[in-house]
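A short write-up of the structure that comes next.
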Amino acid sequence: MRPVSLLELASYLPGEPVGTEYFLRYQEQDAALTDHTMFKAPNSRHQVSRDETPTDMMEKAAHTLAERIGQDALRGVDVVITNSLLPEVPFTGAGAEVAHRLGIRADWVLDAHNGGCASFVHLLRLARVLIGTGQATSALLFNVQNCAGPVMTQPDVRRLPEAVIPGDGCAAAFVAASDESPVLGVQVANRGEYTRDCGLTLSDGRKYWEAGTSQMHVGFTPGKVKDIVERGNQLVPEVVLGLCEQLGLKTDDLDALITNQPNRMFLEQWRQRLSIGPDRHLDTFDRFGNLFGAAVPITLDHGIREGRIKDGNLLMLAGFAHAGDFAGAAAVRWRAGSARA
């Protein structure tokens, strides 16, 4: 397989930050999970408006990316892969529309619905296979999180403890055949037995496509939360340590760990289990909330712009999805070519 590099990223955060006080005036203080550590609120988050689509968000992130890599490189990709937490329209996905808007004529347009909070690793793995085996030359990856504004601010949902956690945002990443910033390896774990432990809840029992007035959200119970916490605490360290073993690395060799950002509890547990201090684990939870699948690339993008990621750094990107049905880790030697120069 020829070398494949993660060469650049860009991100988009909609609107002005929204403080936690917005939710506190509605929250039900006697709810069973209000005080659970999994639902301790971030300081702020961004919320996308009802009428701003995933494709709109992708287009804005792509414009920033184009300023960094050039329009010709962006329009020349032959792969577009997207992941949207809340697809605006069923069936078609956002990939074809965003490719059209950006003037891209890609051979491959893939809308990946799975991968959840680890979807960036999932998308990066797909791009690496297509490019590494010579079926493509370069790819654009898009991760969109868009449930904070449209779903979590509904009158019946914003009262729930989980409503304060999500934030919205989008990331775009450029991947190409190159040894400049190589993806050194990827490890994933698929645990299909947990798939049904996380899904939509509607209080009147209707299917989401059936008529009704109930407001959809992801329903949590104390039992479900306990299972998710146990799995999440284990899964991310497992895939990180598994990939380190595969590559002959120790966690001491990692310059930065960039994970999904579900809450402070998971972030602390992962640091402890991997013996990685806060100085090497990028944390954007308090600023942006839980960005789900967009968290890894947005956190990495901000780490680069803020000077926390240096040329030549060894990065570990990792996360787990939903109630634990998927986890993934990817190791990247960030701009190794630039460091050599």
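The values are calculated or read from the model by the stated rules, or taken from the named source; none is laboratory data. None of the values given here were measured: they were computed from a predicted structure. Methodologically, a virtual Cβ is constructed for each residue, glycine included, from the backbone with ideal geometry; neighbour enumeration extends over all protein chains shown. Ligands, DNA and RNA are stripped out before the accessible areas are found, and what is left, the full protein with its side chains, is counted by its heavy atoms. Shrake-Rupley method; radii C 1.70, N 1.55, O 1.52, S 1.80 Å.
Screening the candidates Glu268, Glu238, Glu245 for the property of being under 20 Å from Gly116 (Cβ atoms) and open to solvent by 50 Å² or more (accessible area, probe 1.4 Å) yields one hit, Glu238. Residue count for region 9-59, restricted to those that are of a type outside the set (Ser, Thr, Tyr) and either free of Cβ contacts under 8 Å to residues at least 24 places away in the same chain or within 12 Å of Glu162 (Cα to Cα) (or both): 20. The number of residues in region 189-219 that are among the charged types (D, E, K, R) and in a loop (DSSP other than H, G, I, E, B) comes to 5.
Applying the criterion of being open to solvent by 10 Å² or more (accessible area, probe 1.4 Å) and in contact (Cβ under 8 Å) with a residue 24 or more places away in the chain to the residues of region 291-308, the residue that is farthest from the chain's Cα centre (by Cα) is Arg308. Quick one: in region 76-117, which of the residues that are open to solvent by 30 Å² or more (accessible area, probe 1.4 Å) and assigned to a helix (DSSP H, G or I) is farthest from Met152 (Cα to Cα)? Looking at residues that are open to solvent by 30 Å² or more (accessible area, probe 1.4 Å) and assigned to a helix (DSSP H, G or I), I get His100.
The selection criterion, being touching a residue at least 12 places away in the same chain (Cβ under 8 Å) and under 18 Å from Leu235 (Cα atoms), does not hold for Gly312. When Asp279, Asp325, Asp286 are screened for being acidic (Asp, Glu), open to solvent by 10 Å² or more (accessible area, probe 1.4 Å), at pLDDT 95 or above and under 19 Å from the mean Cα position of the chain (by Cα), only Asp286 passes. When the criteria are applied in full, Thr20 meets the requirement of being closer than 14 Å to Gly289 by Cβ and out of contact with any Leu (no Cβ under 6 Å at 6 or more places or on another chain). Among the conditions (1) small (Gly, Ala, Ser); (2) without any contact (Cβ under 8 Å) to a residue 24 or more places away in the chain; (3) open to solvent by 20 Å² or more (accessible area, probe 1.4 Å), Gly192 misses just one, which is (2). Would it be correct to say that Val186 is more than 20 Å from Pro87 (Cβ to Cβ), of a type in the set (Val, Ile, Thr), touching a residue at least 24 places away in the same chain (Cβ under 8 Å) and part of a helix (DSSP H, G or I)? When the stated conditions are applied, Val186 does not pass them. Quick one: in region 218-233, which of the residues that are farther than 19 Å from Arg271 by Cβ and either at pLDDT 90 or above or open to solvent by less than 50 Å² (accessible area, probe 1.4 Å) (or both) is farthest from the chain's Cα centre (by Cα)? Going through the qualifying residues, I end up with Gly223.
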